[in-house]
Amino acid sequence: NKKIHNRLNIFKKINFFKEYPFLKSYSKSYKYSYTKNKLTKLRKHKIIRIIAMGGSILGTEAIYQFLRKKIKKEFIFVNNLNSKVLPQKKALNLIISKSGETLETISNTHIILNANKSSKNIIITENKNSYLKNLAHKIKADVIEHKNYIGGRFSVLSEVGMLPAELMGLKESKFKKFNHLLKSANFIKQLILNVDSILKLIKKNKNNSIILNYDEKSENLFKWYQQL
């Protein structure tokens, strides 16, 4: 109807990248904190161990689970205090924490570093004083900046998810479909209907989201959805 049509026109005029800075990482023009030269050097590693918690790792795990048949390298995800991982295995360690103060990530990092001091270490964290930033200086690890305007759970299309994706042999540009989606009338319609449904449920005090998953490949995707 006319009312919805007018609201759609207003919606389309919003500068999303200005209103919501984290969406910059969804664009193909996003500037990463790592260089192509750095990426080339890191691609030489055959085993990559990602040490992180929650949103800093769940999106990457979902990518890996869906596209595993295309990935030739071994990826190890250390995402909780009970991870059954042999830390003795030499690998490239990608340590990720926006705050640089995530206790579980710090604990797992020390366990792995103490077991294998010869591994290459990359720490992705904010450009500020933190435990992991100081640790990087101490162990001479490379630091890649985690942009302060990107929350951990929304970071999969930034350095946090796209650096691992590149190391998996995937092209980061193929994940960047935001501009295309904004031009899709069907996507905008479904987005508005989705938000409308959520608001109606909240007004009725229905606040639980129940996930029934019948596809093993979607396990990590829904764990990420739960985090979101």
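Per-structure values
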{"quantity": "Loop-resident sites, the range 75-156, for trypsin sites (Lys or Arg not before Pro), counting at most 12 other Cβ within 10 Å (DSSP)", "calculated": "K84, K117, K128, K140"}
{"quantity": "Average silhouette area of the range 88-147, convex hull of alpha-carbon atoms, in square nanometres", "calculated": "3.5"}
{"quantity": "Local electrostatic count at Q65 - Lys and Arg +1, Asp and Glu -1, tallied over other residues with Cβ under 15 Å", "calculated": "+1"}
{"quantity": "Extension reserve of the K18-K2 stretch, reckoned as 0.36 nm per residue once the Cα distance is removed", "calculated": "3.0 nm"}
{"quantity": "The range 7-88: radius of gyration over Cα atoms, expressed as a fraction of 2.2 N^0.38 Å", "calculated": "1.51"}
{"quantity": "Sulfur and carbon atoms: percent of accessible area, the range 1-93 [1.4 Å]", "calculated": "55"}
{"quantity": "Inter-probe distance in nm under a simple model that places probes 7 Å from Cα toward Cβ, at F11 and L67", "calculated": "2.9"}
{"quantity": "Qualifying trypsin sites (Lys or Arg not before Pro) in the range 1-76, DSSP loop, other Cβ atoms within 10 Å at most 16", "calculated": "K13, K28, K31, R43, K44, K46, K72, K73"}
{"quantity": "Stokes-Einstein D in µm²/s, Kirkwood radius over Cα pairs - the range 32-73 at 20 °C with 1.002 mPa s viscosity", "calculated": "178"}
{"quantity": "Where labels lie 7 Å past Cα in the beta-carbon direction, separation of N205 and I188 in nm", "calculated": "3.7"}
{"quantity": "For the range 131-200, projected area of the alpha-carbon convex hull averaged over all directions, nm²", "calculated": "7.3"}
{"quantity": "Under 5 Å, built H, 5+ apart or other chain: amide partners of D142", "calculated": "N121, I123"}
{"quantity": "Alpha carbon convex hull of the range 97-228, projected area averaged over orientations, nm²", "calculated": "11.6"}
{"quantity": "Separation of the K44 and D196 label points, Cα + 7 Å toward Cβ, nm", "calculated": "5.7"}
{"quantity": "Accessible-area value, Y225, 1.4 Å probe, nucleic acids and ligands omitted, Å²", "calculated": "110"}
{"quantity": "Anchor K138: lysines whose Cα lies under 25 Å away (excluding residues fewer than 8 positions away in-chain)", "calculated": "K38, K41, K44, K89, K90, K98, K117, K120, K128, K147"}
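The values are calculated or read from the model by the stated rules, or taken from the named source; none is laboratory data. Just so it is clear, the structure is predicted and the values come from calculations on it, not from any experiment. Neighbour counts are summed over all protein chains in view; Cβ atoms, including those assigned to glycine, are modelled from backbone coordinates with ideal geometry. Quick note on the areas: whole protein, heavy atoms, side chains included, nothing else; ligands and nucleic acids left out. Shrake-Rupley method; radii C 1.70, N 1.55, O 1.52, S 1.80 Å.
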